[in-house]
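Q: Dropping a structure here in structure tokens format, bear with me for questions.
The values are calculated or read from the model by the stated rules, or taken from the named source; none is laboratory data. Just so you know, these numbers come straight off a predicted model, no measurement behind them. Cβ sites come from the backbone with ideal geometry, for glycine too, and all protein chains shown count toward neighbours. Heavy atoms of the whole protein, side chains included, go into the accessibility calculation; ligands, DNA and RNA do not. Shrake-Rupley method; radii C 1.70, N 1.55, O 1.52, S 1.80 Å.
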Amino acid sequence: MRRLAAIALLSLTPAAAMADGTMPQMDFKNPLTLDQLGWMAVILVVLYFLLSRWGLPEMGKVLANRATAIERDLTAARMAKAAADQAMVALNASLSQARHLAQAQVAAAVEKAKAEAALNAAALNAKLDEKLAQAEAQIAAARAQAMAAIKPVAEQAAQTILVRLTGTAPESSQLDQRVDDALAARKAA
């Protein structure tokens with residue numbers, strides 16, 4: 001019964017406390033508020049001891065393990081980056097070497113092609129010079145034959161013309177000399 005009276009009193013108390021202008025949570029005249037404060041202190045002390053003896057050390061272990069794992073991962077990442085940098089340097093060096101080698105091979109191939117082209121051109125020029133010499137020799141032989149064939153015809157034509165114009169036959173040595181001079185003048189031109 002006493003409890004019922006306290007409960008009834010408590011149900012009336014907030015309204016009465018509000019009428020006084022104080023907050024019901026701060027009404028320390030109420031026995032229920034003092035009990036709540038006592039239990040709250042006990043719970044906070046127990047919670048503090050639980051956290052300080054068990055919870056916080058476990059969280060510290062987890063954080064330490066996590067920091068160790070992070071540091072290990074960062075070290076592995078640094079080592080991987082260093083290896084990648086070395087690989088890039090090696091790759092750039094090999095690419096540069098390959099580029100120089102390829103340029104040297106291209107230059108050698110160009111020089112070889114130029115040399116072969118020069119040899120082919122020299123061989124063709126030699127053949128053309130030989131054919132030109134043969135053609136000139138053939139022309140000279142044909143010209144000599146033509147001149148040799150023209151000389152008797154020219155002598156006979158000149159003799160016939162002189163006989164018709166003058167009525168006398170010219171002297172053969174003089175006629176021969178004049179035809180040779182005319183043919184020589186023709187050759188020079």
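Okay, residues lined up against (1) surrounded by 10 or more Cβ atoms within 10 Å (Cβ to Cβ); (2) of a type outside the set (Phe, Trp, Tyr); (3) at pLDDT 90 or above:
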{"position": "Gly21", "(1), (2), (3)": "no, yes, no"}
{"position": "Pro24", "(1), (2), (3)": "yes, yes, no"}
{"position": "Ala67", "(1), (2), (3)": "yes, yes, yes"}
{"position": "Lys81", "(1), (2), (3)": "yes, yes, yes"}
{"position": "Asn92", "(1), (2), (3)": "yes, yes, yes"}
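Q: Of Leu37, Leu74, Leu63, Leu51, which residue is on the phi < 0 side of the Ramachandran plot, open to solvent by 90 Å² or more (accessible area, probe 1.4 Å) and among the aliphatic types (A, V, I, L, M)?
A: Just a single option satisfies the conditions, and that option is Leu63.
Q: Among the listed residues Ala80, Ala133, which satisfies the condition of being more than 43 Å from the chain's Cα centre (by Cα) and either β-branched (Val, Ile, Thr) or in a helix (DSSP H, G or I) (or both)?
A: Of Ala80, Ala133, the one residue that is more than 43 Å from the chain's Cα centre (by Cα) and either β-branched (Val, Ile, Thr) or in a helix (DSSP H, G or I) (or both) is Ala133.
Q: Among (1) open to solvent by 60 Å² or more (accessible area, probe 1.4 Å); (2) not in a helix (DSSP H, G or I), which single condition is Pro170 missing?
A: (1)
Q: Lys127 passes all but one of (1) open to solvent by 60 Å² or more (accessible area, probe 1.4 Å); (2) on the phi > 0 side of the Ramachandran plot; which number fails?
A: (2)
Q: So which pairs qualify, if the first residue must be in region 162-184 and under 17 Å from Ala146 (Cα atoms), the second must be open to solvent by 90 Å² or more (accessible area, probe 1.4 Å) and not in a helix (DSSP H, G or I), the Cβ gap must be under 9 Å, and the two must be at least 6 apart or on different chains?
A: Listed by first residue and then by second, the contacts come to nothing, as the list is empty.
Q: Going by what's in this entry, would Pro24 be described as in contact (Cβ under 8 Å) with a residue 24 or more places away in the chain, out of contact with any strand residue (DSSP E or B) (no Cβ under 6 Å at 6 or more places or on another chain) and of a type outside the set (A, V, I, L, M, F, W, C)?
A: Considered against the rule, which asks whether it is in contact (Cβ under 8 Å) with a residue 24 or more places away in the chain, out of contact with any strand residue (DSSP E or B) (no Cβ under 6 Å at 6 or more places or on another chain) and of a type outside the set (A, V, I, L, M, F, W, C), Pro24 comes out as no.
Q: With the condition kept exactly as written, say whether any residue in region 148-160 is farther than 21 Å from Arg186 by Cβ, open to solvent by 60 Å² or more (accessible area, probe 1.4 Å), assigned to a helix (DSSP H, G or I) and of a type outside the set (Phe, Trp, Tyr).
A: No, region 148-160 contains no residue that is farther than 21 Å from Arg186 by Cβ, open to solvent by 60 Å² or more (accessible area, probe 1.4 Å), assigned to a helix (DSSP H, G or I) and of a type outside the set (Phe, Trp, Tyr).
Q: Among (1) at pLDDT below 85; (2) in a helix (DSSP H, G or I), where does Leu119 come up short?
A: Status for Leu119: all satisfied but (1).
Q: Any residue in region 118-128 that is over 37 Å from the mean Cα position of the chain (by Cα) and under 30 Å from Arg186 (Cβ atoms)?
A: Scanning region 118-128 turns up at least one residue that is over 37 Å from the mean Cα position of the chain (by Cα) and under 30 Å from Arg186 (Cβ atoms).
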